[in-house]
Amino acid sequence: MHGKGTGRRPCRAAVGGLPYVGCMSPSATPAVELEVRGRTVRVSSPDKVYFPERGITKLDVVNYFVSVGDGILGALLDRPTTLERWPKGVFEGAKLATRMDSTGDAFYQKRVPQGAPEYVKTARIAFPSGRTADEVAPSELAVVAWAANLGTLTFHPWPVLGDDVESPDQMRIDLDPQPGTDFSDAARVAPHVRELLAEHGMEGTPKTSGGRGIHIFVPIEPRWSFVEARRATIAFGRELERRMPEQVTMKWWKEERGQKIFVDYNQMARDRTIASAYSIRTNPRATVSAPLRWDEVGDVHPDDFDVLTMPARFAEVGDLFAPLVAHAAPRYSLEPLLELAARQEAEEGHGDLPYPPEYPKMPGEPKRVQPSKDRDRPR
């Protein structure tokens, strides 16, 4: 990758040691053009500071994604992807717009932005509401760089491919530390996740969330629906909770979870996504979601992996997330976990669990009422 000549000297070395040109003083920064695997990607305001505490600029962000190119592209390849855009950068007090509050300095872009280049491909997906949208489905690295120029820091890919958006090809296990717990607690649970997966003939790849949690992704055969994949994840989480009742919880309501690691089974519900491997998280340090080897899960910390350190690690260890790339082998069957779900229901009476509040009521779903507000709950 290199910047096209603009007649100006490079200001400094970019993240990952990648050179660029066209930079002037911070007060007057013309756009630069980067060559990204045969495409020209324009980066406007390249010296705009995105992470003030680290001095990381927009161009640093774009160069970061290119430096881990095979990794970020593999994580997103042909997947409908929501863009989490922070066009003003990450600064103290910056707020992300939500369903409940549309104001904010950053926002989620679910539909392909207007004016997207012709090489930006899309995939049509349906939300729980029944509405549809054409989401960006990255097919080449230039798409990632283009999105980064728009302020995208975190990419949220669906666990499906654009040619079959109804059949997940990944099972995603989200180990979410609750108040009173942290990354080290999730790291102690993770090896038990690996053991339980192996008992069901499966192998997963762990990664840091970039925050306090750990994600474990499992490549699965795209033969089941979202409902079935979520049911398999619930069965898995319940068995993990049965084995580790003091460390793990499947309680949807926060008031019931305690100081445990929550297995967020609703990350397998339709239209729920997890930050991709190599995505940047919006904290002052600019940490990234880093794939891990299983033997290092207990020895690392999320702060070990950020925009400044990840390029060298990627160059050293390669793409640890490669088993999750579209169509990679092997892919595992959900049948053992669906059989476990059937046994749990028959022997213990365990049925479905609540969906997120914005979802329509689902068949077989229990009452979606916070326990402390449930008037019919036994006291």
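Can you pull out the residues in segment 115-134 that are hydroxyl-bearing (Ser, Thr, Tyr) and either surrounded by fewer than 16 Cβ atoms within 10 Å (Cβ to Cβ) or at pLDDT below 95 (or both)?
Looking only at segment 115-134, we keep the residues that are hydroxyl-bearing (Ser, Thr, Tyr), and these are 119, 122, 129, 132.
Passing the criteria: TYR119, SER129, THR132.
Would you point out the residue of segment 220-275, among those that are acidic (Asp, Glu) and open to solvent by less than 40 Å² (accessible area, probe 1.4 Å), that is nearest to TRP158 (Cα to Cα)? Please lay out each step first, then the result.
From segment 220-275, those acidic (Asp, Glu) are 221, 228, 239, 241, 246, 255-256, 264, 271; that's our starting set.
Going one step further and asking which of them are open to solvent by less than 40 Å² (accessible area, probe 1.4 Å), we end up with 239, 264, 271.
On the way: GLU239: 25, ASP264: 16, ASP271: 7 Å.
Filtering segment 220-275 for residues that are acidic (Asp, Glu) and open to solvent by less than 40 Å² (accessible area, probe 1.4 Å), the one nearest to TRP158 (Cα to Cα) comes out as ASP271.
Of the residues making up segment 32-52, those that are open to solvent by 10 Å² or more (accessible area, probe 1.4 Å) and either closer than 17 Å to SER139 by Cα or modelled with pLDDT under 95 (or both) are GLU35, ARG37, GLY38, ARG39, THR40. Pairing each residue of segment 75-97 that is crowded, with 23+ Cβ neighbours inside 10 Å with any residue that is part of a loop (DSSP other than H, G, I, E, B) and among the acidic types (Asp, Glu), provided the two are 6+ apart or on different chains, yields C-beta distances under 8 Å for TRP86/ASP105. Scanning segment 2-31 for residues that are farther than 25 Å from ALA315 by Cβ, out of contact with any Lys or Arg (no Cβ under 6 Å at 6 or more places or on another chain) and either modelled with pLDDT of 50 or more or β-branched (Val, Ile, Thr) (or both) yields THR6, ALA28, THR29, PRO30. Residue count for segment 68-95 satisfying the condition of being touching a Phe, Trp or Tyr at 6+ places or on another chain (Cβ under 7 Å) and not in a loop (DSSP other than H, G, I, E, B): 10.
Taking segment 276-294 as the range and being over 21 Å from LEU73 (Cβ atoms) and either buried (at least 18 other Cβ atoms within 10 Å of the Cβ) or more than 22 Å from the chain's Cα centre (by Cα) (or both) as the test, the residues that pass are THR282, ARG285.
Residue count for segment 188-201 satisfying the condition of being touching a strand residue (DSSP E or B) at 6+ places or on another chain (Cβ under 9 Å) and open to solvent by less than 10 Å² (accessible area, probe 1.4 Å): 4.
Tell me which residues, restricted to segment 159-192, are touching a Phe, Trp or Tyr at 6+ places or on another chain (Cβ under 9 Å), closer than 22 Å to VAL227 by Cβ and hydrophobic (A, V, I, L, M, F, W, C). Selection gives VAL160, VAL165, MET171, ILE173.
Report yes if GLY55 is modelled with pLDDT of 95 or more, surrounded by 14 or more Cβ atoms within 10 Å (Cβ to Cβ) and on the phi > 0 side of the Ramachandran plot, otherwise no. Spelling it out, it is not the case that GLY55 is modelled with pLDDT of 95 or more, surrounded by 14 or more Cβ atoms within 10 Å (Cβ to Cβ) and on the phi > 0 side of the Ramachandran plot.
Scan segment 38-59 for residues that are assigned to a loop (DSSP other than H, G, I, E, B) and within 16 Å of PHE91 (Cβ to Cβ) and report the count.
Total satisfying the criteria: 7.
Looking only at segment 343-377, residues that are part of a helix (DSSP H, G or I), within 17 Å of ARG231 (Cβ to Cβ) and either of a type in the set (Ser, Thr, Tyr) or open to solvent by 60 Å² or more (accessible area, probe 1.4 Å) (or both) come to 5 in all.
The values are calculated or read from the model by the stated rules, or taken from the named source; none is laboratory data. All of these numbers come straight from a predicted model, not from anything done at the bench. FYI the Cβ positions are ideal-geometry reconstructions off the backbone, even for glycines, and counts take in every protein chain you see. Heavy atoms of the whole protein, side chains included, go into the accessibility calculation; ligands, DNA and RNA do not. Shrake-Rupley method; radii C 1.70, N 1.55, O 1.52, S 1.80 Å.
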